[in-house]
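Values in this text are rule-based calculations from the coordinates and carry no lab data. Not measured: the values here are computed from a predicted model. Positions of Cβ are generated from backbone atoms using ideal geometry, with glycine treated the same way; all protein chains shown enter the neighbour counts.
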Protein chains: 2
Amino acid sequence: MTANEIFKQILQKRSFLCVGLDTDINKLPECLRTDADPVFAFNKAIIDATAAFAVAFKPNLAFYEANGEAGWLSLAKTVEYLRKNFPEIFLIADAKRGDIGNTSEKYAETFFKTMDFDAITLSPYMGRDTVAPFLTYRDKWCILLALTSNPSAADFQYIEDQNGVCLYQKVLSISQNWGENIMYVAGATKAEQLEKVRAAAPNHFLLVPGIGAQGGSLQDVARYGMNSRCGLLVSASRSILYADSSKNFAQTASQEAKKLQNEMDELLKTCLR
Amino acid sequence: MTANEIFKQILQKRSFLCVGLDTDINKLPECLRTDADPVFAFNKAIIDATAAFAVAFKPNLAFYEANGEAGWLSLAKTVEYLRKNFPEIFLIADAKRGDIGNTSEKYAETFFKTMDFDAITLSPYMGRDTVAPFLTYRDKWCILLALTSNPSAADFQYIEDQNGVCLYQKVLSISQNWGENIMYVAGATKAEQLEKVRAAAPNHFLLVPGIGAQGGSLQDVARYGMNSRCGLLVSASRSILYADSSKNFAQTASQEAKKLQNEMDELLKTCLR
């Protein structure tokens, strides 16, 4: 999927929402617990209820791996369901992988060939080698962690080099030479830094976690992060998935996603330059 | 498993070898390809052939995930087989994970509860939050990437702060305050830096990849990295696993592991201080 195709979808749906499918088997509504594959049943209901308001879906691998081989099956079924029924959706594996060349090739095969994801999140710590095997899939995207939304992001990402440049800024500047098909993770909880991220990567899409449960402001994200082709995919997970634990969970999820879509519609009007 | 128990096993087996189970389904000997679970059949044969010469085994998750849910089953069976038949072995999930708190909790559950690994490799990029949920398992170990063995490790790990301290050194110094049950990855291809790693973390076990296929020297690793309780787990994967593609593969793997064990025996005599 090209950046233009993503932007086109954003304009059509008036949304830059990415629904995070952090599906925790212990948090599912009572009514699904007897289902043969409750995780997939939940995902399917959430997807059906929110796809009209979202341009991307992002399963986080941790929640599927926690269920062992059954979890991988739920994930594969989720990917297949999205691909078949919502082919316009941008599909991100939130895996935060990062390993040496021959191992990275295997991960790339898993997420880009065995499963048909459009993108994967990757850790930059081990450098270019760990990203290169993913970049050879020219119609797929590598989303590198730059500035994350968690409190301890500061432990290393803010370390300054001898010219006062932070590690996350080095990640942004150095990795742009690695290939075209790169996006970045930039946390919503650090709105003032988001401006620096955007300055360092003016044309790249940014995947922005941290609104909703983590407390980031959507207005600030749009103000500091939006570019002329939107350039943002803002993800929300828990605030949509677990807004309601009754049998009406999907309807409530739909309302929560629609609320965000409405806000995004306004922000597209005022911030799109 | 305690550090003392690992050291005791090192002295008993006269070895600090970690066999990397990077089991690539496309590289298996012809004779196994019709097996119902060829990956597990291969692992079982390799384990039986090399466990006498090794103190640790380290499956790299990429190779199992590449086979989807069948891969997870092969991995679970491998862990179970090792636990049952070689309870003294230190068992490392080479997963290089790293995510925020609630997601990290899930990964910790997967590798430390669902599967009974002793340790997991983790990326430090996102800071303390990403490691903390693993550290609460007091009898388990977090093995943080510090200095990796791949060529592009230099992209970020060697970036110096305003006092001339490299990122990998910051990882070593800062993370030591996070908990007791930490080890570090330090690549064998950077022998001169290994001395700096050991100086920064005098008492920690180091997991050292990069000998064998990647070209690092075992002598240099022992010279620069060994401490009074050995403090080293040196891993070899491809050089043992794929030394022979005939039906004698396990016998050849055994010989390759024994060769390394013999070298390690000598190094334990001369370098153990």
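Figures for the structure shown
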{"read-out": "Stokes-Einstein diffusion coefficient of the stretch B:131-171, Kirkwood radius over Cα pairs, 37 °C, 0.692 mPa s, in µm²/s", "value": "276"}
{"read-out": "Cβ-based exposure ranking for B:178, B:141, in which fewest neighbours within 10 Å come first", "value": "B:178, B:141"}
{"read-out": "Rg(Cα) / (2.2 N^0.38 Å) computed for chain A, rounded to two decimals", "value": "0.96"}
{"read-out": "Per-residue average of Cβ from other chains inside 10 Å of A:142-154", "value": "4"}
{"read-out": "Exposure proxy order (Cβ contacts within 10 Å, fewest to most) of A:94, A:265, B:24", "value": "A:265, B:24, A:94"}
{"read-out": "Whole-Å distance, taken between Cα centres, linking the stretch A:1-33 and the stretch A:197-273", "value": "11"}
{"read-out": "Violating pairs (Cα-Cα greater than 27 angstrom) within the set A:196/B:170; A:106/A:140; A:8/A:247; A:96/A:140; B:84/B:113; B:58/B:258", "value": "A:8/A:247"}
{"read-out": "Lys, Arg +1 and Asp, Glu -1 on Cβ, resulting dipole of the stretch B:3-271 about Cα centre, debye, nearest 20", "value": "480"}
{"read-out": "Size-normalised alpha-carbon gyration radius of the protein assembly as shown, reference 2.2 N^0.38 Å", "value": "0.97"}
{"read-out": "Fraction of beta bridges assigned by DSSP in the stretch A:3-271 that are antiparallel (%, nearest 5)", "value": "5"}
{"read-out": "Overall Cα dimensions of the stretch B:28-130 - principal axes, largest extent first, Å", "value": "45, 29, 21"}
{"read-out": "Shielding score for A:128-134, defined as the mean number of other chain Cβ atoms within 10 Å", "value": "3"}
{"read-out": "Relative contact order, percent, the stretch B:131-273 [alpha-carbon distance under 8 Å, six or more residues apart]", "value": "19"}
{"read-out": "Rounded to 5, the percent of DSSP beta bridges in the stretch B:143-273 classed as antiparallel", "value": "15"}
{"read-out": "Relative contact order %, the stretch B:68-202, counting alpha carbon pairs below 8 Å whose residues are six or more apart", "value": "19"}
{"read-out": "Interatomic Cα distance distribution for the stretch A:5-45, bins of 5 angstrom, percent", "value": "6, 20, 23, 10, 11, 11, 13, 5"}
